[in-house]
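S.K.: One structure, pasted below without further comment.
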């Protein structure tokens, strides 16, 4: 009994420590975002206010609403297109037998592991040549290319679990290959599409390096870069605005984590392939 009690105490202490370790930065961000004093926590007293949140939405020079809109549009578009292309590719690879199938999958996954810094210079030169710097498509297409292997891997794991007999039964009933894909395979693997979309959305929403080098102003700049470039009068760092903007921009990701965590976890864990 004494050993069980000690194990339970250590388990509770471990849970508390890990929870505080991960929640402390978030709680600190919320605390600073509601602080009125620019000196807090460096000596000023804490005085709660909503001024920081009002200012980031109302001060035009900060351009925070534009950054948030850009991030949502770019993240949603790139995630949707990557899921569509990845779904078509994953279905074809999982249903057709040909030599080198796994080489294609593993090669695509290996290419996605190259660090962004190794290709961003060539990407900037290419985007400058075609005039896509500081445009939505200048970010959407690199995000699609960079996240497509993850979508392919996740959706292949779902399509490989669908028995081939279902496709054969639909083909006997007169369904075309496109109808089999859209009316049989997609509805059955809808959780896979959702988990892939959520993971790709979080990647695109949080991405910093491409957005920093491929955008120049508020017309295409995303939230991570916009917040990093916040600057107050006389060059000081406006911590209240930065933390308030960070808290607002975290809201979509927190909602995803709370209400769709089951699909996100499935997307991360279902990586085994069959056949």
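S.K.: When the residues of the stretch 61-103 are narrowed to those that are over 25 Å from residue 210 (Cβ atoms) and part of a helix (DSSP H, G or I), which ends up modelled with the highest pLDDT? Working first, answer last.
M.R.: Within the stretch 61-103, the subset over 25 Å from residue 210 (Cβ atoms) is 91-103.
Narrowing further to those that are part of a helix (DSSP H, G or I): 91-95, 101-103.
Numbers: 91: 89, 92: 85, 93: 86, 94: 84, 95: 82, 101: 78, 102: 78, 103: 83.
Restricting to residues being over 25 Å from residue 210 (Cβ atoms) and part of a helix (DSSP H, G or I), the top hit is 91.
S.K.: Of everything in the stretch 186-196 that's in contact (Cβ under 8 Å) with a residue 60 or more places away in the chain and surrounded by fewer than 22 Cβ atoms within 10 Å (Cβ to Cβ), which residue is farthest from residue 225 (Cα to Cα)?
M.R.: Here the residue is 186.
S.K.: Assess whether residue 253 counts as being touching a helix residue (DSSP H, G or I) at 6+ places or on another chain (Cβ under 7 Å), in contact (Cβ under 8 Å) with a residue 40 or more places away in the chain and farther than 24 Å from residue 52 by Cα.
M.R.: Details: touching a helix residue (DSSP H, G or I) at 6+ places or on another chain (Cβ under 7 Å): yes; in contact (Cβ under 8 Å) with a residue 40 or more places away in the chain: yes; farther than 24 Å from residue 52 by Cα: no.
Answer is no for this residue.
S.K.: Checking residue 221 against (1) assigned to a helix (DSSP H, G or I); (2) under 23 Å from residue 118 (Cα atoms), which single condition isn't satisfied?
M.R.: (1)
S.K.: Sticking with this structure for a sec: Would you pick out the residues in the stretch 110-140 that are surrounded by 14 or more Cβ atoms within 10 Å (Cβ to Cβ), within 23 Å of residue 83 (Cβ to Cβ) and either in contact (Cβ under 8 Å) with a residue 60 or more places away in the chain or touching a helix residue (DSSP H, G or I) at 6+ places or on another chain (Cβ under 8 Å) (or both)?
M.R.: 112, 116, 123, 132, 135, 136, 138, 139, 140
S.K.: Turning to a different aspect of this structure: Of the residues that sit in the stretch 1-50 and are part of a loop (DSSP other than H, G, I, E, B) and modelled with pLDDT of 85 or more, which one is surrounded by the most Cβ atoms within 10 Å (Cβ to Cβ)? Talk me through it step by step, then tell me what you get.
M.R.: Of the stretch 1-50, the ones part of a loop (DSSP other than H, G, I, E, B) are 1, 34, 36-47, 49-50.
If we keep only those that are modelled with pLDDT of 85 or more as well, we get 34, 50.
Working: 34: 20, 50: 11.
Out of the qualifying residues, it is 34.
S.K.: Looking at the structure I just gave you, is residue 205 crowded, with 16+ Cβ neighbours inside 10 Å and over 18 Å from the mean Cα position of the chain (by Cα)?
M.R.: no
S.K.: Here's another thing I want to ask about it. When both residues are 6+ apart or on different chains and their Cβ atoms are under 7 Å apart, which pairs have a first residue that lies in the stretch 150-166 and is on the phi < 0 side of the Ramachandran plot, and a second that is at pLDDT 80 or above and part of a loop (DSSP other than H, G, I, E, B)?
M.R.: These pairs meet every condition: 155/189; 158/189; 159/189; 162/189.
S.K.: Where the second residue is surrounded by fewer than 20 Cβ atoms within 10 Å (Cβ to Cβ) and part of a helix (DSSP H, G or I) and the first is without any contact (Cβ under 8 Å) to a residue 60 or more places away in the chain and lies in the stretch 62-74, which pairs have Cβ atoms under 9 Å and are six or more apart or on separate chains?
M.R.: Going by the 9 Å Cβ cut-off, the qualifying pairs are 65/57.
The values are calculated or read from the model by the stated rules, or taken from the named source; none is laboratory data. What you are looking at is a predicted structure, and each value in this text was computed from that prediction instead of being measured. FYI the Cβ positions are ideal-geometry reconstructions off the backbone, even for glycines, and counts take in every protein chain you see.
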